[in-house]
Amino acid sequence: MNWKPQATLDALSVRAEVNAKIRAYFESQNVIEVETPILNQYAVTDLHIDSIATENSKFLHSSPEYAMKRLLAFHKCDIYQLCKVFRSNEKGSCHNDEFTMLEWYRVAWTYKDLMKEVAEIITTLVGNYLELLDTAYISYQQIFKKYAGIDVQTASQADYLQVCADHSFKLNSALTAHQYQNLVLDQIIIPKLEKRHMTFVYDFPTEQAALARLNARGCAERFELYFGGVELANGFQELTDAQEQLSRFEENNRQRLLANKKAIEIDAEFIAALESGLPESAGVALGIDRLLMVMLGVNNIKNVLSFSLN
Amino acid sequence: MANYNTNEFRAGLKLIIDGDPYNIVENEFVKPGKGQAFNRVKLRNLKTGRVVDRTFKSGETIEAADVMDTDMQYLYNDGEEWHFMEPKSFEQYAIPKDSVGDAAQWLKGQEDCVVTLLDGQPLSVAVPNFVELQITQTDPGVRGDTAQGGNKPATLETGAVVKVPLFVEEGEVLRIDTRTAEYVSRVKD
């Protein structure tokens, strides 16, 4: 019987230190720590995120986003949460179906302000563990041009297929342009980035807007942070338009049905909160386990978890 | 026909891809937080032994290969086919030379092998890790040679040629590691 922990005492201590520093930082900034329910009535409609259902048809949250935005809509102040989140069928060297997320919202901030705060926090946290060389900010369009020679606005499926072939990727079946973009960014571009740079990618294609506001340039005001070869954070200029949000959820459900997945009941309480008025704000979620992996220089998430299911 | 979903992928699972049977060597789940998940898989072709990379969209289903490893005893060959017997049923299988491949050079008779069957048809043969074979030809060792240093080719009774230390003589029986085709020791009666 293998009952022993996967993480070393060193890894457990670094996690404790990171948690403490995060709480100290937000306290100094007057950002309130909140707790929202792990067990929820609604799942998310995201095409590529499957919630874990419980026996009584409730769901474990895949992120605290909707509940935190309901707090934001009512109390209109800066909040953060450090919690466990759950996603079905996500298991790999950088994935575990249960993981720790730090999520926070800044009222009246822009997503560009928030990127800078993410960079500051990470610089503070990793300081004693590794050498951070630089912080780069690059748009989604630029990063595809620079590292894959692809113009995302005009590229055809054949262009993406060529890039995959050039990098020895043999696909078992054809992909949509959107799926190619996911694969190329995650598996071809990120591995080419300097691991000791924090690289922020911003302004995503509108089909990947998720819960981000669209701007006049036809981009979604969304950013992601890549560091140490992994995706660490995802942030938005929050979409405040309830109607637009509802139609995105409905579109998600149409996509789910096309992919032979079940449609998900839309979170009416979240939509009602947006109708009452979400303040202009920026929010971000950061994966703590992956940050610990980078800090400790380990390449399997198991090494930073006390225990995990097989 | 049985199928596997990508979320069942693990090392050792056997699949049919482009009509050929494959064994999963390594399976890595990758996924952007909000994007499409993929399985990056290393697969060994069970016919050729070649290892290839393939990327699957997570959620795809792939035909399962009905592959079974069966213990069989090697009987004899006629130059074209190698004949094996399943010891419980006494059923005999004739395996073409190409499918036996390099395993043939270690077989003289009665070895317990593992024959891989695909849909009941022999696909490949795995010989025991160690076999004992007699030397039929090797040049005489130079007098005074001891265990250290130097080796020479020796032809075994099955026709296989292995490198042996200089002191080993014609007619001796050797223990051979079939995985590396290397001499292990002399076998004394």
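Just so it is clear, none of the values below were taken in a lab; they were calculated from the coordinates. These numbers come from a predicted model, not from an experiment. Quick reminder, even Gly has a Cβ in these numbers, built from the backbone with ideal geometry, and neighbours come from all protein chains shown.
Here are some notes:
- Anisotropy class of segment A:171-254 from Cα gyration tensor, a/c 1.5 cut: oblate
- Using R0 = 22 Å, the C-beta based FRET efficiency linking residue A:251 and residue A:41 works out to 0.50.
- Close amide H contacts of residue A:155 (hydrogens built in the peptide plane, cut-off under 5 Å, sequence separation of 5 or more or a different chain): none are found.
- Around the amide H of residue B:174, modelled in the peptide plane, lie the amide H atoms of B:133, B:134, B:135, B:187, all under 5 Å away and 5 or more residues distant in sequence or on another chain.
- Loop-resident sites, segment A:216-310, for GluC sites (Glu not before Pro), counting at most 15 other Cβ within 10 Å (DSSP): A:265, A:280
- Burial order of peptide ranges B:31-43, A:31-43 (average beta-carbon count within 10 Å, highest first): B:31-43, A:31-43
- Chain A, relative contact order in percent, only Cα pairs under 8 angstrom and at least six apart counted: 25 percent
- Taking the number of Cβ atoms within 10 Å of each Cβ as an exposure proxy, the fewest-first ranking of A:50, A:134 is A:134, A:50.
- Working note: Karplus 6.51/-1.76/1.60 with θ = phi - 60° gives segment B:88-93 the couplings 7, 8, 6, 5, 9, 10 Hz, where Gly and Pro are set to x.
- Alpha-carbon centroid distance for the pair segment A:255-303 / segment A:128-156, whole angstrom: 22 Å
- Coordinate range of the alpha-carbon atoms in segment A:1-129 per principal axis, descending: 43, 39, 23 Å.
- Remark: C-alpha extents of segment B:67-126 on the principal axes read 24, 20, 16 Å, sorted largest to smallest.
- 3J(HN,Hα) along segment A:239-246, derived from phi through the Karplus expression 6.51 cos²θ - 1.76 cosθ + 1.60 where θ = phi - 60°, amounts to 5, 10, 7, 4, 4, 4, 4, 4 Hz, with x in place of Gly and Pro.
- For chain A, a Gaussian network of Cα nodes joined below 10 Å ranks A:142, A:255, A:29 by mean-square fluctuation, and the top entry is A:29.
- Karplus-based coupling profile of segment A:114-127, in residue order and whole Hz: 5, 4, 5, 5, 4, 4, 5, 4, 5, 4, 5, 5, 8, x, with θ = phi - 60° in 6.51 cos²θ - 1.76 cosθ + 1.60 and x standing for Gly or Pro.
- When only the Cβ of Lys, Arg, Asp and Glu is charged (+1, +1, -1, -1), the dipole of the protein assembly as shown relative to its Cα centre reaches about 1040 debye.
- Take each residue in B:48-54, count the other chain C-beta atoms within 10 Å of its C-beta, and the mean is 1.
- With eigenvalues of the C-alpha gyration tensor scaled by 5 and rooted, segment B:1-128, Å: 35, 14, 11
- Distance between modelled label sites at residue A:216 and residue A:132, nm, 7 Å Cα→Cβ extension: 3.4 nm
- When each of A:69/A:146; A:192/B:31; B:42/B:163; A:21/A:91 is checked by Cα-Cα distance, pairs over 24 Å: A:69/A:146; B:42/B:163; A:21/A:91
- Global geometry of chain A, whether rounded, prolate or oblate, following the gyration tensor of its Cα atoms and the 1.5 cut on a/c: rounded
- For segment B:36-84, alpha-carbon Rg and Dmax in angstrom: 17.2, 54
- Per-residue mean of foreign Cβ neighbours for B:33-45 is 6 (Cβ atoms of other chains, 10 Å radius).
- Student exercise, segment B:67-126 dipole from Lys, Arg, Asp, Glu Cβ charges, in Debye to nearest 20: 100 debye
- Within segment A:98-136: backbone nitrogen closer than 16 Å to the residue A:32 label point (7 Å, Cα to C-beta): A:104-108
- Shape call, segment B:66-183: gyration tensor on alpha carbons, a/c limit 1.5: prolate
- Descending by average beta-carbon neighbour count within 10 Å, the peptides A:80-86, A:123-129 line up as A:80-86, A:123-129, the highest first.
- Here is the tail figure for segment A:95-170: Cα pairs spaced more than 22 Å apart come to 56 percent of all pairs.
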